[in-house]
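My questions will all concern the structure given below.
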Amino acid sequence: MPAFSLEPEQNAWCAELRALAADRLRPLAEKGEPGRVNRPLLTELGRLGLLSRLFTSGALDLCLMRESLARACTEAETALALQGLGAHPVHAHGTPAQRERWLPRVSDGTAVAAFALSEPGAGSDAAALGLRADPDPDVSPDAGPALDAVPDGPRRWRLTGRKCWISNAPEADFYTVFARTTPDAGARGVTAFLVPADRPGLTGAALEMLSPHPIGSLDFDAVPVGADDMLGEADRGFRVAMGTLNLFRPSVGAFAVGMAQAALDATLAHTARRDAFGGKLRDLQAVAHQVAEMALRTDAARLMVYAAATAYDEAAPDVPKRAAMAKLLATETAQYVVDAAVQLHGARALQRGHPLEHLYREVRAPRIYEGASEVQRGIIAKELYKESHTQPYATREARP
């Protein structure tokens, strides 16, 4: 399917999602407490079958869901996305027992998932993780067959350290946690673990942020984990993290595109009815050109998001570059479009409760989380230079 064109069925599905978000999800979102997990909203997402689609759909469908929900209810979009981000490593790398225990509950909205990667000293530099997974000295040799999964290394560990800016913390029911199992090994010494929230030694606290998402910190005081808690292989957890981010980065872009489109829709309606200087606001050339620029950038970002998602679904070799490009362009575009929309609306858009005031607070964070814009530029440049080494030179420098 061409990346620049959706099928009629897909367009109809997007329209249906927008209607569901406005009619059934937004009322639940409005009843929720800002900064807290909205479990009734998650239950409704599960009842509508949207959470289960996180594990049966491709990247493009994920982008269409996130964009469509974001246009009508950003809280519903974020609740869905965080379930996917936290549970995707279990879906992709979990054992049959892990998947059987958690994925049905994630799909029906009764279990809240979280992706615990960032730390106070390791935000953008994810390979610099400091959360330690120390071998557990108290394990007896006959601790059980499940622990024999790592015959040449430790079979149980104790997690010690801190995670910060973790979405859905501290209210999640389980966490995908990335910890250092081999010191001084960079990205090669990180292991992913599935850690239920009731493990002894695991505590957390909510953080008050600009956007109204549930975000918190987690403290690990010798939290016990074993080989049966691992997601994937020992010391290969960084691949689990990057594989998850390669899938979700384009869909962060889709979230941003949804917000940009919502701001553009509001601006079109406002400038068409607002009286100013003897006519409508839209009659002013400066305003009309501004709206055209907003639409241009939004459509360009949308196309790049769809292209990146299609590349992921087709297992293209340049997925990291495309995912980074999509996330970068879309989030920067959304910031521009929402800011322009606020400017064209004037003071009314700054009032608490106005849809654009809400979007203005929501739109800032995506330029930072799941890799800040500067990190995306670094990934793009790295991938470009990598590609240049595999292609013949088109020209050679002239020799004297």
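FYI, it's all coordinate maths here, none of it is from the lab. What you see is a predicted model; the values in this text were computed from it and never measured. Cβ atoms come from the backbone with ideal geometry, glycine included; neighbour counts cover every protein chain shown.
From the backbone phi of the range 175-183, what are the Karplus-calculated ³J(HN,Hα) couplings (6.51 cos²θ - 1.76 cosθ + 1.60, θ = phi - 60°) in whole Hz, Gly and Pro given as x?
Taking θ as phi minus 60°, the curve returns 10, 8, 10, 10, 9, 8, 9, 10, x Hz for the range 175-183.
Under a cut-off of 18 Å between alpha-carbon atoms, report the lysines in cross-link reach of Lys386, not counting same-chain residues fewer than 8 places apart.
Within reach: Lys321.
Hey, what angle do you get for helix 59-72 against the long axis of the chain, alpha-carbon based, 0 to 90 degrees rounded to 10?
50
Also, quick follow-up: What's the exposure ranking of Arg180, Arg188, going from fewest to most Cβ atoms within 10 Å?
Lowest count first: Arg188, Arg180.
Exposure proxy check: Met259, Met230 ranked by fewest other beta carbons within 10 Å?
Met230, Met259
Enter the mean projected area of the convex hull around the alpha-carbon atoms of the range 285-387, in nm², rounded to one decimal.
Averaging across all directions leaves 7.6 nm² for the Cα convex hull.
May I ask for the net charge around Val106, where only other residues with Cβ less than 13 Å from the Cβ of Val106 are counted and Lys, Arg are +1 while Asp, Glu are -1?
+2
Okay, moving on. Set the Förster radius R0 to 51 Å, insert the Cβ-Cβ distance between Ala276 and Ala315 as r into 1/(1 + (r/R0)^6), and round the FRET efficiency to 0.05.
It comes out at approximately 0.45.
Give me the angle, in degrees from 0 to 90, between the Cα long axis of helix 96-107 and the longest principal axis of the Cα atoms of the chain, rounded to the nearest 10.
30
Quickly estimate the mean residue ellipticity at 222 nm for the chain, helices only: each DSSP H run with n ≥ 4 gives -39500 (n - 2.57), and the total goes over all residues, rounded to 500.
After summing the helix terms and dividing by the residues of the chain, the value is -16500 deg cm²/dmol.
Also: Could you give the length gained on full extension between Ala269 and Ala292, defined as 0.36 nm per residue of separation minus the Cα-Cα distance, in nm?
Full extension of this stretch gives 6.9 nm more.
So, one more: 5 Å is the cut-off here: which amide hydrogens, built 1.01 Å from N in the peptide plane, fall below it relative to Leu51, excluding neighbours closer than 5 in sequence?
Counting only residues 5 or more places away or on other chains, the set is Gly46.
In terms of modelled amide H atoms, which long-range or inter-chain residues lie less than 5 Å from the amide H of Arg156?
Asp136
Continuing with the same structure: Give the Cα extents of the range 220-369 along the principal axes, in whole Å, largest first.
Taking the Cα atoms of the range 220-369, the three principal extents are 72, 39, 16 Å.
Considering Cα pairs under 8 angstrom that are at least six residues apart, work out the relative contact order of the chain and quote it in whole percent.
16
Two decimals, Cα atoms only, Kirkwood Rh: what is Rg/Rh over the range 8-107?
0.98
Compute the helix-to-body angle for 373-390: its Cα long axis versus the longest principal axis of the chain, expressed 0 to 90° and rounded to tens.
So the helix axis and the longest Cα principal axis differ by about 80 degrees.
Once amide H atoms are placed 1.01 Å from N in the peptide plane, what residues at a sequence separation of 5 or more from Asn168, or on another chain, have their amide H within under 5 Å of its amide H?
Ile215, Gly216
Also, quick follow-up: Return, ordered by residue number, the residues of the range 193-226 whose backbone nitrogen is under 12 Å from a label point located 7 Å along Cα→Cβ of Asp138.
200-201, 222-225
What number do you get for the chain when its Cα radius of gyration is normalised by 2.2 N^0.38 Å, N = residues?
1.06
A further question on this structure: Provide the per-residue ³J(HN,Hα) series for the range 24-32, in order, calculated from phi with Karplus coefficients 6.51, -1.76, 1.60 and θ = phi - 60°, each as a whole number of Hz, with x at glycine and proline positions.
Computed from phi, the couplings for the range 24-32 are 10, 9, 4, x, 5, 5, 5, 7, x Hz.
Still on this model: Charges at C-beta only: +1 for Lys and Arg, -1 for Asp and Glu. How large is the resulting dipole of the chain about its Cα centre, in Debye rounded to 20?
Rounded to the nearest 20 debye, it is 900 debye.
Could you put Tyr312, Tyr336 in order, starting from the residue whose Cβ has the fewest other Cβ atoms within 10 Å?
Fewest to most other Cβ atoms nearby, the residues stand as Tyr336, Tyr312.
Same structure again: If you average the C-alpha positions of the range 267-292 and of the range 332-351 separately, how far apart do those two centres end up, in angstrom?
For the range 267-292 versus the range 332-351, the Cα centre distance is 14 Å.
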